[in-house]
Each structure stands twice: as C-alpha cells, then as structure tokens.
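The values are calculated or read from the model by the stated rules, or taken from the named source; none is laboratory data. In this text, all values refer to a predicted model and were calculated from it rather than measured experimentally. Cβ placement follows ideal geometry from the backbone for every residue including glycine, while neighbour counts extend to all protein chains displayed. Heavy atoms of the whole protein, side chains included, go into the accessibility calculation; ligands, DNA and RNA do not. Shrake-Rupley method; radii C 1.70, N 1.55, O 1.52, S 1.80 Å.
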Amino acid sequence: IRTKAIAELEPVTTMAELEEWDIRYLGRNRGELKNIAAVMPKLTKDGRRAVGQKMNAVKSELESHLKARREEIRQKELLATLEKERIDVTMPGRHLPVGHMHPLTRTIQEVTDVFMKMGFQVVQGPEVETDYYNFQALNIPADHPSRDMQDTFWIVPGELLLRTQTSPMQIRVMKQTRPPVRAVVPGKVFRNEAIDATHEAQFHQIEGLLIDDQCTMATLKGCLQTFARELYGEGRQVRFRASYFPFTEPSAEMDISCGECNGKGCRVCKYTGWVELLGCGMVHPKVLREVGYDPKKYRGFAFGMGVERIALAKYGINEIRLFTSNDLRFLRQF
Ligand code: FA5
C-alpha cells in the first residue's frame, strides 16, 4: 500500500486530485488503511500489535507526504493567480472628468475672503423672512413708497416672504451681538422682477455691516475701495453716487469702471463705462434704535452687493442668465 500510494502521489498536481488521493488511502471510511484495520480482530495479540505499529507508521508517513504536497500545490496556485491577475502599475489611468466650482460660488468665496482678511466674520441667515426683518425694522413701514422698488414674493401676504435683500441680516446680527460688529452675509434673494440681461428674479447678495464708536463715511469708502482693489486689481476705478435707502443715511451706490471697454462703453456696461456693484450707506439712527443700540454712542456702515453683477464685471460677461443656464461651454471657462 505504501509503495502504491507514494507512486500515485507522484503525478498529482491539483488540489482536487490530492483530495481524491487522500480519501483513497487515508480516508476514514473506505481508505486502504482502514481496510487493514478491518482484519485486525482476526489476528493474534502479537500479530495485532505488529500490524498496528506498521499501519500507524505508514499512516503518518503518508500524512506527511500529503501535507508537503498540499503546501507545494498551494504555492503553485498562488503564483499562478498572481501571474494571471497581474496589474501593470505603469499603465496610464482612465480619465475621469472632474468638476469645479460654479463661478458664483467662487465669486462669493473670493469676496468673503477679502472681507475676512479685514476682520469681518461670515454669517448666514434665512431665505424665508418675516415682514418685520425684511422691511419694518429697516425703516420701511407698510405704506412706504420704497416697497415698490422691490417686488416681493409673498408667502403669507404682509407677514411672510422670500427675502428681497440680505439687509434683514443686519437686524438679526445686531440683535444677537453687542458692538463692535463686523459681519458679511452671503445669500440668495428673490424679487418678482422682469428678467433681462442684468436682472434675475433669484440672485445673490453679500451684505456687509460694521458697527463701532468712530466709523464714518470715509471708513466706508476706504473699506469698499480696498475690496474693489483686492478683487479686480489696480487697473479699475470705482465711483460713488449719492442714492437713497430707507435704512441708511447718507446713502450711496458704488460703480466699477467697465473692464471690457476700459470705460469707453460697450454692451457689458450698457455704453456707460460703469457697472453698478452695490448699495451702501451709514446705518440709519432709527435702525440702530430698533435693535437697542444708542445712536449717540455707536455708528456704522452697511452695504449690499449683487454677486452676479460682481462676477459679470469681473469676467466681462454681458448676460446674467448664463449663470443658471447650465451650459457647459460657459461653465468650463472658469
Ligand atoms: C439693496 O438691495 C440694498 N439692500 C443694498 C444696501 C445694503 C444698501 C445695505 C445700503 C445698505 P439694491 O436693490 O440696489 O439694494 O440691490 C443691491 C445690488 O443687488 C445692486 O447693486 C445689484 O448689484 C444687485 N441687484 C439688484 N437687483 C438685481 C437683480 N434683479 N438681478 C441681479 N442683481 C441685482
């Protein structure tokens, strides 16, 4: 049996064949060695011992052959798998298209970065506002003519609305903190407006607010000039025009010289040489009183800029609707 078993083990090269061989010779039920054990009771005591010893010796010899061969086959199979599943690490990878930030998101980040460097903190607020925050607290009473300037999307007429400006956040920020205050608030605003190349019904603003005990109109101009220089570079001019907002006094609007035509006049600036960026002014004493600040002790300035307009002026775009058109030919340019 021993010689036969070893001879038959010789050509075995797979685990399956090895398994068969194992069952054939060492198997617990029908293995060849087991057959010998079956004749044991017929032998004498000495005979049983002699046969038993021999049988055990052969069994353990075959078992160690089995173990060695099993290890050999396992190694061989492992090598074969490694060879078959080999990866060429020098092969170029598959190209996956990678997106990037939307130009408006990028503009918001660039603007808030500039103000963060000047010590402003960035906060956000609700898009659904109450009449109180969006209008009343900002010195715009129910019958005030300036409500006509901003056509409102009402949710509950006279009570709840989609904010028409980020200015309600002036009130929320001031009510939450004590002076000094320095905050910028980016966010979506909504107006029921006729849409054209420079007007959308949903757009973005960034509100700015600074309150301390010695701020003046000069501080406001300096701050906004710094912002324009940081964002647009040295080559562009800004100008301030007197304006009116119920919640600031005095009020102004700031324009930037058109980067497309260098002030000569083109489609981007509607042939004026200037692009309107923002409204601003010194916070009205009535607004300060509304939030419990003493107007004799504190003063401040506020501004609200249109993010789309800032991006239009920065990249020389003449159509605001491109931002939401999802046209990849447009978006890939940024
Ligand atoms: C306001 O909304 C004031 N809350 C701004 C302000 C804040 C003044 C703080 C004083 C102090 P106005 O309605 O002008 O102002 O809008 C501000 C800016 O938003 C504009 O200068 C313009 O850049 C942008 N904007 C206004 N309407 C639209 C629109 N329909 N589409 C895109 N941008 C707009």
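One line per residue, one yes/no per condition, for (1) more than 35 Å from the chain's Cα centre (by Cα); (2) more than 25 Å from ALA137 (Cβ to Cβ); (3) open to solvent by less than 30 Å² (accessible area, probe 1.4 Å):
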residue: CYS223; (1), (2), (3): no, no, yes
residue: LEU231; (1), (2), (3): no, yes, yes
residue: VAL238; (1), (2), (3): no, yes, no
residue: TYR244; (1), (2), (3): yes, no, no
residue: GLU260; (1), (2), (3): no, yes, no
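Which residue is nearest to VAL111 (Cα to Cα), if the candidates are limited to segment 151-171 and must be within 14 Å of the ligand (Cβ to nearest atom) and open to solvent by 20 Å² or more (accessible area, probe 1.4 Å)? Selected residue: LEU162. Annotation: of all residues in segment 269-282 being at pLDDT 95 or above and open to solvent by less than 10 Å² (accessible area, probe 1.4 Å), the one that is farthest from ASP213 (Cα to Cα) is LEU278. Taking strands (runs of 3 or more DSSP E) as the structural unit, those lying wholly within segment 142-206 and holding at least 2 residues that are touching a residue at least 12 places away in the same chain (Cβ under 8 Å) and out of contact with any His (no Cβ under 8 Å at 6 or more places or on another chain) correspond to 160-162, 181-190. Restricting attention to segment 305-333, the residues being among the charged types (D, E, K, R), open to solvent by less than 60 Å² (accessible area, probe 1.4 Å) and more than 13 Å from the ligand (Cβ to nearest atom) number 1. The set of residues in segment 99-128 that are open to solvent by 80 Å² or more (accessible area, probe 1.4 Å), at pLDDT 95 or above and part of a loop (DSSP other than H, G, I, E, B) contains only GLN124.
Of all the criteria given as (1) closer than 26 Å to LYS296 by Cβ; (2) touching a residue at least 12 places away in the same chain (Cβ under 8 Å); (3) open to solvent by 20 Å² or more (accessible area, probe 1.4 Å), the one not satisfied by LEU209 is (3). Here is a check on your reading of the model: is ALA302 surrounded by 15 or more Cβ atoms within 10 Å (Cβ to Cβ), under 35 Å from the mean Cα position of the chain (by Cα) and in a helix (DSSP H, G or I)? Criteria not met by ALA302. You will find that of LEU96, LEU62, LEU79, the residue that is in a helix (DSSP H, G or I) and either under 60 Å from the mean Cα position of the chain (by Cα) or small (Gly, Ala, Ser) (or both) is LEU79 and no other.
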